[in-house]
Structure formats: C-alpha cells, structure tokens
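The values are calculated or read from the model by the stated rules, or taken from the named source; none is laboratory data. Keep in mind the model is a prediction, meaning the values are calculated, not measured. A quick note on method: Cβ atoms are made from the backbone with ideal geometry, for glycine too, and the neighbour counts reach across all protein chains shown. Note: areas computed on protein heavy atoms with side chains; ligands, DNA, RNA excluded. Shrake-Rupley method; radii C 1.70, N 1.55, O 1.52, S 1.80 Å.
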Amino acid sequence: MSTPSPSLPGGTWTLGDLTVNRFGYGAMQLAGPWVMGPPADRDGALAVLREAVDCGITHIDTSDAYGPRVTNELIREALHPYPESLHIVTKVGATRDEQGGWPTARRPEDLRRQVHDNLKSLRLDELDLVNLRLGNAEGPQPGSLAEAFEALVELQQQGLIRHLGVSNATEEQVTEAQSIAPIACVQNMYNLAHRHDDKLIDRLATDGVAYVPFFPLGGFTPLQSSALSAVAARLKATQMSVALAWLLQRSPNILLIPGTSSTAHLRENIAGAGLSLSHEDLTELDDIGR
C-alpha cells in the first residue's frame, strides 16, 4: 500500500481532507496519439501506473474523456482495488468527437452522465475530486459557471463526489465557484513561460486551495529559453528537471502531475523535480515568463 512519502520531492498537501504527495502523475499520455484510442504498448502503460504507486505517488489525474475511457480503464486494471492512500482526480465538462476534438458538454444532464461514466470506468462508489473543465481548446473563456457547478454540487450532496475543483478557468470563475461551494483545487495551464496565474496562485495558497498546472513542461511545444538552458547547464541537469523543480519551489500549494508513458521517464521526472534551486537560479528563472 502506498502512503504519502517524504522521499518524493515537495512533501505533501491536503486536498480538502485528502493528503497527497505534491508530486503526482497525469495519465493523459497513456492513451493513443492525440489522446485517442488505446496505447501502442498496453503492458507498458499498466507498468507505468504500477510504478507510480510503487514510487509513493498518491495523486493520479485522469478523465473518462481520455481515449475516451482508455486511461480510466487502464487505471482500474492496473491498480484496482486501490490503495487507501491513492486519490484519483478526474474532470468533466468535455467529450470527444470522431475527429479527436473536445466539444464542451456542461449541461447538467451531460455532467451527471460523465460523473456516472467515471464512477463506472474507475469502479468507484465516490470520486475523490472532480474538476469542472471550462473554456475550450483555446484556453479559458469568460462566462458564468453557476449552472454547471451547481449540478456538480448536487452530485456531491448525493455522495457521488467528495471534493470539487475547476479547470481551464478564469480568476473570476474561480471566485464564482468559491461563492457557490468550497473548492479543493484549480487546474490551469501554467509553467515557466506562461505566468498569467501568478496572482491567483498566491491567493489560492492563502485560501488553502491547491493549484495544479497542466502542461508544466510546455505541452505540445516544449519550453525553450536561454535562461532555462543556462541554469540547467550550471546544475548539470535537464531543462525539464529544472522546470519541474521551479514549480515545486514556486509555491507550496502547487501540485505536479507530469505525464509519461515510460517508467524510466517517470523516475527521471521524480529525480529532476527534487533539484534544489538557489536564490540565484530562481531569480534568473523568474524573469522568463514576465
């Protein structure tokens, strides 16, 4: 059974009443190309999930839309019955079309169906944390989330969801969600080169709310920066290791969920995120996205 482990970089954080290691794992890359269909190496995908738990990871991020259904089914096959300390976070608010697009699906009936689909594919009676995915593939979009978020609150009151969060959200939408019900996390795009949520991260840290950056390494366009290269060369480390370590040191409420389909790469990410960055390193890196 895995437990929140001090050997993983960054220590722990509490999502509502759930303690997780700040270094987690994002399962999106376990699906096929462009997050559609099954993986080319199913046994390898199962091995990565088991290795993550063996390394002490207690926070796995997924969605029934990945594949669709592929990553949830892999998680269930690899890890069910789940260790008591393992917490699976999923998201709702979008589906997949035959072209691989991500059409929104945020009507109350859509959300109810997606929550039940996640429960079924993960073989759970209650989901630890559900993020409401807002905006679209272009990023956050303005507009009220009240109707959709209230539908999830209703499902929470029915005992199907333990904690709630929002993803791909504007700061105004985060505030609106908090006015309706407590949230445990915000999951937005953020990394060394995309610092638009700096003020929000600091506010959430004061509120005791986690911030979970997706695309922590740049996503489909890997991070490129002369400053990042210089710091990495000085530390004899990879640029990606420095970028992960910077996120952990940026704020104590940042939780990492880097994804990979390789057990070796998973171990490299864990080791890299544990780099100790000096004040000089941090000052140089802080100038990248500003």
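Overview of values
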| quantity | calculated |
| --- | --- |
| Single match in 50, 42, 22 (criterion: among the basic types (Lys, Arg) and under 30 Å from residue 148 (Cα atoms)) | 22 |
| Of all residues in the range 158-199 being in a loop (DSSP other than H, G, I, E, B) and polar (S, T, N, Q), the one that is farthest from residue 225 (Cα to Cα) | 158 |
| Contacts under 6 angstrom Cβ, first residue in the range 154-168 being in contact (Cβ under 8 Å) with a residue 60 or more places away in the chain, partner of a type in the set (Lys, Arg) and buried (at least 21 other Cβ atoms within 10 Å of the Cβ), 6 or more apart | 167/91; 167/133 |
| Which numbered condition residue 100 fails, given (1) at positive phi; (2) at pLDDT 95 or above | (2) |
| Residue check, residue 180 open to solvent by less than 20 Å² (accessible area, probe 1.4 Å) and either without any contact (Cβ under 8 Å) to a residue 24 or more places away in the chain or not polar (S, T, N, Q) (or both) | no |
| For residue 20: the one exception among (1) open to solvent by 20 Å² or more (accessible area, probe 1.4 Å); (2) at pLDDT 95 or above; (3) not hydroxyl-bearing (Ser, Thr, Tyr) | (1) |
| Looking only at the range 66-99, and only at residues there that are in contact with a helix residue (DSSP H, G or I) (Cβ under 7 Å, 6 or more places away or on another chain) and among the hydroxyl-bearing types (Ser, Thr, Tyr), the one that is nearest to residue 127 (Cα to Cα) | 90 |
| Selection status of residue 169, within 15 Å of the chain's Cα centre (by Cα) and farther than 25 Å from residue 45 by Cβ | yes |
| Residue within the range 203-211 that is out of contact with any helix residue (DSSP H, G or I) (no Cβ under 9 Å at 6 or more places or on another chain) and open to solvent by 60 Å² or more (accessible area, probe 1.4 Å) present | yes |
| Out of 245, 205, 184, 273, sole residue that is in contact with a Ser or Thr (Cβ under 9 Å, 6 or more places away or on another chain), at pLDDT 95 or above and under 24 Å from residue 35 (Cβ atoms) | 273 |
| Residue within the range 233-241 that is surrounded by 15 or more Cβ atoms within 10 Å (Cβ to Cβ), polar (S, T, N, Q) and touching a residue at least 40 places away in the same chain (Cβ under 8 Å) present | no |
| Top-ranked residue of the range 83-103 - restricted to ones that are without any contact (Cβ under 8 Å) to a residue 40 or more places away in the chain and more than 19 Å from the chain's Cα centre (by Cα), ranked as farthest from residue 43 (Cα to Cα) | 103 |
| The one condition in (1) more than 27 Å from residue 251 (Cα to Cα); (2) in contact with a Ser or Thr (Cβ under 9 Å, 6 or more places away or on another chain); (3) of a type in the set (A, V, I, L, M) that residue 78 fails to fulfil | (2) |
| Residues of the range 244-276 classified as in contact with a Gly (Cβ under 8 Å, 6 or more places away or on another chain), part of a helix (DSSP H, G or I) and open to solvent by less than 10 Å² (accessible area, probe 1.4 Å), total | 3 |
